[in-house]
Amino acid sequence: MLTLALGCHSKENKILREIGNIITWVSMTLLAVGYVWSFIISWRKNKWLFVAVLFIWIFGYPILLAKYWAETKNNFFVILAGIACFILSFIILATTNPNRIDITAIECYSDSSQQVVSQYAAPLHSALY
């Protein structure tokens, strides 16, 4: 039976969502610091490489990494940590999304709300299957 998980929020889900939000902000901060840091490194090493990193970061940054690995490896790991935190926060927030369609979340509803949800879930179920 397919039902919509409306109003079925446990305390654990709310805590996990807050942790996911915090990890999202940490990831954005790490990515911003790494991004600005790559500009600083490229400015100090080569002005033309700075222009490449500034305007086309996705192509200029790998050149910067290859040419100056000893100076840029810490910056690379900061950016890598930011990407890893972003993926982790996406997984946490996606699994605790209160608006997702849940197949087994029927115990959270009273009889009247269950009838309303079943009324709208039946066409959705027939459309999906």
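See the values below:
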item: Residue in segment 77-90 that is more than 22 Å from ILE19 (Cα to Cα), modelled with pLDDT of 90 or more and surrounded by fewer than 17 Cβ atoms within 10 Å (Cβ to Cβ) present; result: yes
item: Members of segment 30-61 that are surrounded by fewer than 13 Cβ atoms within 10 Å (Cβ to Cβ) and of a type in the set (Val, Ile, Thr); result: VAL36, ILE40, ILE56, ILE58
item: Residue, nearest to VAL26 (Cα to Cα), within segment 60-82, restricted to residues that are of a type outside the set (D, E, K, R) and out of contact with any helix residue (DSSP H, G or I) (no Cβ under 7 Å at 6 or more places or on another chain); result: LEU80
item: Odd one out for THR95, checked against (1) within 17 Å of the chain's Cα centre (by Cα); (2) at pLDDT 90 or above; (3) among the hydroxyl-bearing types (Ser, Thr, Tyr); result: (2)
item: Contacts under 7 angstrom Cβ, first residue in segment 1-26 being at negative phi, partner at pLDDT 70 or above and among the aliphatic types (A, V, I, L, M), 6 or more apart; result: LEU16/ILE92; ARG17/LEU93; ILE19/ILE92; GLY20/ILE92; GLY20/LEU93; ILE23/LEU88; ILE23/ILE92
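The values are calculated or read from the model by the stated rules, or taken from the named source; none is laboratory data. Values in this document were obtained by computation on a predicted structure and should not be read as measured data. Glycine gets a Cβ as well: all are built from the backbone with ideal geometry, and neighbour counts include every protein chain shown.
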